1. Pairs of Cα atoms under 8 Å, at least six residues apart: use those to get the relative contact order of the chain, whole percent.
2. Taking the Cβ-Cβ separation of residue 108 and residue 63 as r and a Förster radius of 22 Å, what is the calculated FRET efficiency to the nearest 0.05?
3. Keeping all protein chains in place, calculate the accessible area per residue for the range 100-149 (probe 1.4 angstrom), answer in Å².
4. Treating cross-link reach as a plain straight distance, find the lysines whose alpha-carbon is under 22 Å from the alpha-carbon of residue 9, omitting any fewer than eight places away in the same chain.
5. Helix-only mean residue ellipticity at 222 nm, the chain, DSSP H runs n ≥ 4 weighted -39,500 (n - 2.57), per residue, nearest 500. What is it?
6. Given the C-alpha atoms of the chain, compute the convex hull and give its volume per residue in Å³.
7. Given 152, 71, 33, which one lies farthest toward the positive end of the charge dipole of the chain, if we put +1 on the Cβ of every Lys and Arg and -1 on the Cβ of every Asp and Glu?
8. In whole percent, and with a 1.4 Å probe on the protein chains, what portion of the accessible area of the range 31-159 is carbon and sulfur?
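The values are calculated or read from the model by the stated rules, or taken from the named source; none is laboratory data. Just so you know, these numbers come straight off a predicted model, no measurement behind them. Reconstructed Cβ throughout: ideal geometry from the backbone, glycine too, with neighbour counts over all protein chains shown. For accessibility, only protein heavy atoms count, side chains too; no ligands or nucleic acids. Shrake-Rupley method; radii C 1.70, N 1.55, O 1.52, S 1.80 Å.
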Amino acid sequence: LGVDEIVVKPVIGASSWRQARLKRGQPLPQADQLPPDEIMIQPFLDAVTTEGEFSFLFFDREFSHCAQKLPQAGDYRVQAMFGGRESVYDPSAEELALAKSVIAAISESLLYARVDMLRQPDGALALMELELIEPYLYPEQGPRMGETFAAALERMIER
């Protein structure tokens with residue numbers, strides 16, 4: 001990947017379970033701290049520690065809301081169990097168009113999708129993960145989420 005630091009994650013996991021941040025030249029963690037099976041390898045992006053991650057939530061391909069997830073100082077994990085916090089994020093038209101382009105690339109019917117992105121060193125957002133079975137919807141950041149989800153479910157049932 002041409003980087004000195006990576007994040008290794010299980011393909012299926014949640015809340016940073018058995019996820020590891022690895023730096024070139026440092027010893028590997030114990031095997032029981034690493035993903036047990038299939039993995040994703042991503043370059044570590046410093047923006048996660050300063051600006052955090054952005055989660056764009058869609059219901060039946062309709063944009064609902066976006067959450068900005070920030071880690072606790074000194075950490076990179078954005079989950080609340082590690083001291084992370086979430087806030088409402090109002091994406092720019094360009095950022096929203098990028099998230100929508102990810103959704104447009106999926107041909108199957110989607111009741112729900114979450115597009116997780118991080119900012120690259122050049123300032124552009126990049127797709128980090130596309131969550132299609134994620135149970136957490138960031139309802140505090142999307143006060144109209146219930147209405148949007150219900151309407152999406154109704155449309156899908158009618159189809």
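1. This gives 20 percent for the chain.
2. 0.75
3. Working: 2790 Å² over 50 residues.
Value for the range 100-149: 56 Å² per residue.
4. Cα-Cα hits under 22 Å: 23, 69.
5. When only DSSP H runs of four or more count, the value is -5500 deg cm²/dmol.
6. 131
7. Positive-end residue among those listed: 33.
8. 55
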